[in-house]
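All remarks here apply to the structure that follows.
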């Protein structure tokens, strides 16, 4: 469990009041990951939401179910949530996440967060607003990547 003070300064938690920060802190732990550590695998049950504090995470998926044909879908930096499927049905990870560098991050129990959001919809809204921002950023990065592959000489 973390303290409220540890969460208060993070932009991801900016929309929470003191009670909500306390509830989030009770469901959150600090974790360290070495480079190349796998946080989760594509298709696995999405049970944890991660928030990198330091380091970066690569997201990739398999092409046509072939494990040796992986496509890099994005590089996630600090303060951007990873594993957002833990909060979005059907609660299955859509990609594999791998620590690109040594990472320090927050781990939050997805099922416990969802249960908390049932009793505090305002907290759920604040979280999902941040999740939506992350999802939109990933969609933008995917468009940029597709444009680069279609037109390698295109300046973006």
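No value in this document is a laboratory result; all are computed from the given coordinates. Values in this document were obtained by computation on a predicted structure and should not be read as measured data. Every residue, glycine as well, gets a Cβ built from its backbone with ideal geometry; the counts of neighbours run over all protein chains shown.
Which value at 222 nm does the chain reach when only helices count, each DSSP H run of 4 or more adding -39,500 (n - 2.57), with the total divided by all residues and rounded to the nearest 500 deg cm²/dmol?
When only DSSP H runs of four or more count, the value is -11000 deg cm²/dmol.
Tell me the angle of helix 121-150 to the major Cα principal axis of the chain, expressed in degrees between 0 and 90 and rounded to the nearest ten.
10 degrees
Using the scaling law 2.2 N^0.38 Å as the reference, what is the normalised Cα Rg of the range 11-76?
1.42
Determine, for 144, 82, the number of other Cβ atoms within 10 Å of each Cβ, and report the residues in order from fewest to most.
Ascending Cβ contact count within 10 Å gives the list 144, 82.
Please order 60, 125 by the number of other Cβ within 10 Å, starting at the fewest.
Sorted ascending by nearby Cβ count, the order is 125, 60.
Counting other beta carbons within 10 Å of each Cβ, put 28, 119 in order, fewest first. Write down the numbers at each step before the final one.
Details: 28 22, 119 9.
Taking fewest neighbouring Cβ atoms as first place, the list is 119, 28.
Over the chain, with a Gaussian network built from C-alpha contacts below 10 Å, which listed residue (55, 74, 43) shows the highest mean-square fluctuation?
Residue with maximal mean-square fluctuation among 55, 74, 43: 43.
Take every Cα pair under 8 Å in the chain that's 6+ residues apart, average their separations, divide by the length, and report that relative contact order as a whole percent. Mind dumping the intermediate values first?
Working: 276 pairs, mean separation 43.3, N = 156.
For the chain, the relative contact order is 28 percent.
Working from Cα positions, state the angle (0 to 90°, nearest 10) between the long axis of helix 110-119 and the longest principal axis of the chain.
Helix 110-119 sits at roughly 50 degrees to that axis.
Treating the Cα atoms of the chain as identical point scatterers in vacuum, please give the log10 of the normalised Debye intensity I(q)/I(0) at q = 0.10, 0.21 Å⁻¹, two decimals.
With one equal scatterer per Cα and no solvent, log10 I(q)/I(0) is -0.37, -1.43.
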